[in-house]
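To keep things clear, I will list the structure first and then write my remarks on it.
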Number of protein chains: 2
Amino acid sequence: MDNKNTIINVATKLFSQRGYEGVGVQEIVDTSGITKPTLYHFFGNKRGLLDTILKTNYSTFFDKFETASNYKGDIVLTLTQIFWAYFLFFKKNPEFFRLSLALTYSTLQSEGYLAITDYEQRIIKSFEQLFIIASTNHGNLKGHHKLFAISLSGLLNYYTLEIINEKIVVNDDFITKAVKHYMHGIYAL
Amino acid sequence: MDNKNTIINVATKLFSQRGYEGVGVQEIVDTSGITKPTLYHFFGNKRGLLDTILKTNYSTFFDKFETASNYKGDIVLTLTQIFWAYFLFFKKNPEFFRLSLALTYSTLQSEGYLAITDYEQRIIKSFEQLFIIASTNHGNLKGHHKLFAISLSGLLNYYTLEIINEKIVVNDDFITKAVKHYMHGIYAL
DNA sequence: AATTCATTATACCGAACGGTACAATAACAA
DNA sequence: TTGTTATTGTACCGTTCGGTATAATGAATT
């Protein structure tokens, strides 16, 4: 593997274990078997490295996620597709999930939060959009878009955490239950 | 106010804005109008300061939380009490909520995570315990304790975030809806 | 008044932080 | 083969990091 990708992989792993601020550039280059100027040549600065990690991973993620989000009148089907896409992607990239989770919930003025907030907003907005469109068919969704979008995002993250900890096995049965759990809560309002 | 409490208040605010690792001891003492040895006299080290902040706040929290968790055969009532206790405490302590949220979702080997994990586990265990006891009356809860406990914790944190952002007003109507949303998901399984 | 002990300031420590100037090398095109 | 550009190592920069030795206070006790 070339040095650029080695750095990305090493940094992703280290960041996911001890956080963006908890890992120094020196440790990244040592573990990668290179020296600082190489890292700074490819990424400009530490933040540039983080940005590259996020951009690369989220690019793949949104490809699958936005395909899954396609709504054709069946909200349960769409949610099922979304759950599948979400869980499978992060199951394949557990280190990236841990990193993105930590960044998402880090403090508002931290570098990590600033780096990830646009991506997270895009997910939330996508959920909102789905609920807005679906509310044509489901009257009870109306006026709760924002809340539903946020709670859905939170739920997915919690499930994903259990999945990558191997407490939950992702299969049709689980996905069906999870969607059911979420939907019936909404219908009940 | 005495220096000890000044330090605690200043540190809580700064940590909640830029994270435990993002704030230096020097900045804390400068903002507090004192010098380093004073801080180290009271707290031993930086971690000791964080521990004190967590211990103080969670002490008050668990007082109210565990009173609210008392189950007497009515799971909806108990959940309603828990939601009220949870939301009201963190609405009163929004900075501490932001800090604890960031620590809870920080990386597994970070200092902040190690500092808060016992408290978070206590909350999860408390939820689990509730669902185990309640499963005597609600058969459909059986075997899902852990999952329900975790998803409840996640849901509460998401709601709380909206509350301290003043997107949600905490009143009887909201609490009723939130509990309903959560419960009907469970009943539907 | 003398003693004691908690509290605090001055001044400093070595280590780690992110980042870079500069020169050497490697790769490739003209 | 020469010129050009991308890549990389050596050695270093100033700043900030968490933490402390020492001594000076302040207040309370004897």
One decimal, nm, shortest first: give the distances between the label point of residue B:44 and those of the same position in the other copies, each label point 7 Å from Cα along Cα→Cβ. 4.4
Report the charge-dipole magnitude of the stretch B:55-188 in Debye, nearest 20, computed about the Cα centre from +1 at each Lys and Arg Cβ and -1 at each Asp and Glu Cβ. 180
Would you kindly work out, in nm and rounded to one decimal, the distances from the label point of residue A:118 to those of the same position in each other copy, ordered shortest first, with label points 7 Å along Cα-to-Cβ? 4.2
Based only on Cα atoms, what Rg/Rh ratio does the stretch B:17-70 have, Rh being taken as Kirkwood's radius? 1.13
Can you tell me the mean projection area, over all orientations, of the convex hull of chain A's alpha carbons? Units nm², please. 11.5
Out of B:113, B:73, B:182, whose Cα points farthest toward the positive end of the dipole of the stretch B:55-188 (charges: +1 Lys, Arg; -1 Asp, Glu; placed on Cβ)? B:73
Quick check for the stretch B:55-188: number of Lys pairs with alpha-carbon distance under 20 Å, counting only pairs 8 or more apart or on different chains? 20
With a Förster radius of 22 Å, plug the Cβ-Cβ distance of residue B:162 and residue A:162 into 1/(1 + (r/R0)^6) and report the FRET value to the nearest 0.05. 0.40
Given the protein chains as shown and a 1.4 Å probe, how many square angstrom of residue A:84 are accessible, to the nearest 10? 70
Tell me, what are the semi-axes, in whole angstrom and largest first, of the equivalent ellipsoid of the protein assembly as shown as set by the roots of 5 times the Cα gyration tensor eigenvalues? 34, 29, 18
Could you pull the copy-to-copy label distances for residue B:166, with points set 7 Å along Cα to Cβ, in nm to one decimal and sorted shortest first? 4.8
As a test question: what accessible area, to the nearest 10 Å², does residue B:127 have when a 1.4 Å probe is rolled over all protein chains in place? 0
Hits among aspartates and glutamates - C-alpha to C-alpha of residue B:36 under 20 Å, sequence gap 8 or more where chains match: B:2, B:21, B:27, B:51
When Lys and Arg each count +1 and Asp and Glu each count -1, what net charge do the other residues less than 12 Å away from residue A:36, Cβ to Cβ, add up to? -1
Virtual spin-label span in nm between residue B:51 and residue B:108, 7 Å along Cα→Cβ: 2.4
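The values are calculated or read from the model by the stated rules, or taken from the named source; none is laboratory data. Nothing here was measured: the structure is a model prediction, and the numbers come from that model. Reconstructed Cβ throughout: ideal geometry from the backbone, glycine too, with neighbour counts over all protein chains shown. Areas reflect the complete protein model, heavy atoms only, side chains present, ligands, DNA and RNA absent. Shrake-Rupley method; radii C 1.70, N 1.55, O 1.52, S 1.80 Å.
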